[in-house]
1. Out of the residues in segment 67-103 that are under 20 Å from Met53 (Cα atoms) and acidic (Asp, Glu), which is surrounded by the most Cβ atoms within 10 Å (Cβ to Cβ)?
2. Quick check: is even one residue across segment 217-228 of a type outside the set (Lys, Arg), farther than 24 Å from Ser71 by Cβ and in contact (Cβ under 8 Å) with a residue 60 or more places away in the chain?
3. Only one of these is more than 30 Å from Glu289 (Cβ to Cβ) and exposed (fewer than 15 other Cβ atoms within 10 Å of the Cβ): Gln174, Gln116, Gln195. Name it.
4. Any residue that is surrounded by fewer than 13 Cβ atoms within 10 Å (Cβ to Cβ), of a type outside the set (Val, Ile, Thr) and more than 30 Å from Gly49 (Cβ to Cβ) - is there at least one of those in segment 291-307?
5. Which residue is surrounded by the fewest Cβ atoms within 10 Å (Cβ to Cβ), if the candidates are limited to segment 560-589 and must be modelled with pLDDT of 75 or more and either farther than 22 Å from Ile518 by Cα or in contact with a Phe, Trp or Tyr (Cβ under 6 Å, 6 or more places away or on another chain) (or both)?
6. Mind telling me which of the residues Glu169, Glu160 ends up being within 23 Å of Pro239 (Cβ to Cβ) and touching a helix residue (DSSP H, G or I) at 6+ places or on another chain (Cβ under 8 Å)?
7. For segment 129-218, give me every one of the helices (runs of 4 or more DSSP H) that falls completely inside it and has 3 or more residues that are of a type in the set (A, V, I, L, M) and within 30 Å of Gly269 (Cα to Cα).
8. Considering (1) closer than 30 Å to Trp121 by Cβ; (2) modelled with pLDDT of 90 or more; (3) in contact with a Leu (Cβ under 8 Å, 6 or more places away or on another chain), say which one His275 fails and leave the rest.
Amino acid sequence: MKIFAKLIGGFAVVAAVCALVGGLGWYGIYHTREGLSDIADTRMPAVEGLGLMMAGLNGLKSAERTMMISSLTSADRRHEVKNLSKRMKILDDGFAEYDRLAKDTKEKQLWGEVRQALDLWKSEHHKLVEHVKKIGLDDIGSLEAVLVGRKLDHVRWVSELEKSVVRSEKFTGQLDPKLCGLGKWLAKYTTDDKQFVALLKSFSGPHQRLHQLGETINSKIAEGDYAAAGVLVTSKVKPTLVEIEGLFDKALTYVKADLDDLAAAKTIGFGSERHAFSAAMKALNKLVEYNVELTSQVTHETEASASRSQTLSFVAVLFGVIAALVIGYLMARSFSVPMRRTVSVLKEFEMGHLNTRLNLKRKDEIGEMADTLDAFADNLQKETVAILKGLAAGDVSYTIEPRDAHDEIRSSLKTLGEDLNQALTLIQNSGEQINSGASQVSEGAQLLSEGATQSAASLEEITSSMGELSSRTRDNADNAQQANQLSTEAMEAAQKGSAQMQQMVAAMDDIRESGQSISKIIKVIDEIAFQTNLLALNAAVEAARAGQHGKGFAVVAEEVRNLAARSAKAAQETAELIEGSVQKTDNGASIARETAEALEEIVAGITKTSDLVEEISAASNEQAQGIGQINQGLEQIDQVTQANTASAEESAAAAEQLSSQAMELRRLLQQFKLRNATTTIARAPATAPDKIAWSAPEAGAGWQASEEQLAAQSAQADDSSPQIALDDSEFGKY
């Protein structure tokens, strides 16, 4: 059987095993894909939809809690109401995502419970939102208390004014409408409710008129017109107070409506809506748990199918590996045994052992290769080796004919024999000329060696001088580099000191600003002490009116007055100390700025010095590098000169040896047996040629031959040397 048929059969078996393994793998992947498809197409979207619904419900519940905060501003409350639509959309998206999926009987039942609970919750949620939307005021929780407090403040204010008139004393209450409690509150309170804003603006007229009446009454008391002051209280002040109280009642009624809506929203949010929300979340949790259970069931089934497929695939792969190993072993053994024998025979051939033969009796391509290799060894041993043995014995007279135009071995042996015959003939004729020229080369090389030795000595002295100059220049460059480094470090230190001085100036400015801020705070403390003193006076008056029951309160009021006086005195002393500290800080900042300017000038000077030193350092480095390159060039020239000297000495020795070897070469060539052995070699005269005179123009400048002596020697060589006519085409062969 041919190798091709064996390989096709073996690979067909392996392909069948691979097809079996692939089929089993496909079967397992198909069933696993069904389980994964159920998880990806049904279970995961179901869990995702339920998660969106729960996230939407939690977001809506969080927004409801925020909307019911009493201190919330109307803008924030409207923002939360606006965000309800986005969070409701999340709930609706989750609802739609889950509603479109296929469901079993139990899942349909649980989904119906969820839908019913969501409908109930949405109804309660909409009721809560409607109440919240009606609330338009900011900080509704504290607004009612503020209005009641400001109302009582003005009732007390009128009462104190009336007492001052009865006692014929100057009224000490607040007369500026912008500085009283109501005026300050109206100035800073803001709301988006335009109707309530208009109501608050209506306070301006009667409130300002009331405080102006207080100033007028004080003027009457100061003039001693107590009766006119009493008439103003009765006819003007009290009616104005009644008008202001009516405005307060309207504002409180307006606020009460928002408080009622907030209370209703809280009742729903913490009552029916909360129960509906809990029921909806409970139903959703049941549905989520059921979906998780279904997902776990499908996952277990898929894992079991994958495990079965894995086992079958392992068995099939194991069977395929065993079959492939058996087939591979049989085929490898069928090829490796004869190939090892072939390699062994080729190794014998490589070592020159041509007696070994394969002698394989096979009818495939390996058998044909073995027969051809045995035939090749026979031809090589009988023809080529025999000719090579003759060449080794000096016999170049063999003849061989190629079998065809492509027989490279026999063609090469034929060409080798012809070329050797021609070459050895020419070599014998040229050996005599080599012997004559070797003597002349030897004498010239000796003279060249002496001149090169003198040049090398002079060059060594120049190289030594340049080395000392390069060392001193390099020392100067290193010193300049160190000076440059020290100048740079000084400049960096000066810059650092200048930066730190700038930081100190900035820090002193901060201290001055802090002192000014503390001074303002002390003024505020002084005002608080003043107001406390006034309150203590009022408390003392009220204690006096209370009689026996107010004595203890009068003692407390007196202590409060003493504390207020001490606070005012301490605040004044602290303010004086801080003002002195601020002045000293300004003086220190001025001195620090002048010091910073001086440091900047020092930095500028050091910078210029550093630049000059850096330029000097760069110039010195360049000089050192230039001298170093010159020194390197001289060293290279010295090395070349030394090499030339050594070469000249070696050439002289080689020329002498060449002359002796030429004689030996002629003797050896006469041992070869050539085809045309009739060639005669003309011999040169035994006398050696005249020596060539060399002249040295200058020491170390080289050596040259006299032109006249060279011409005469050449003519003598032409007359005495053997004449051999050679064609250029013959030289091209060798």
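1. Glu80
2. yes
3. After ruling out the rest, the residue left standing is Gln195.
4. yes
5. So the residue we want is Asn562.
6. Glu160
7. 140-167
8. (3)
The values are calculated or read from the model by the stated rules, or taken from the named source; none is laboratory data. Computed from a predicted structure; not experimentally measured. Cβ sites come from the backbone with ideal geometry, for glycine too, and all protein chains shown count toward neighbours.
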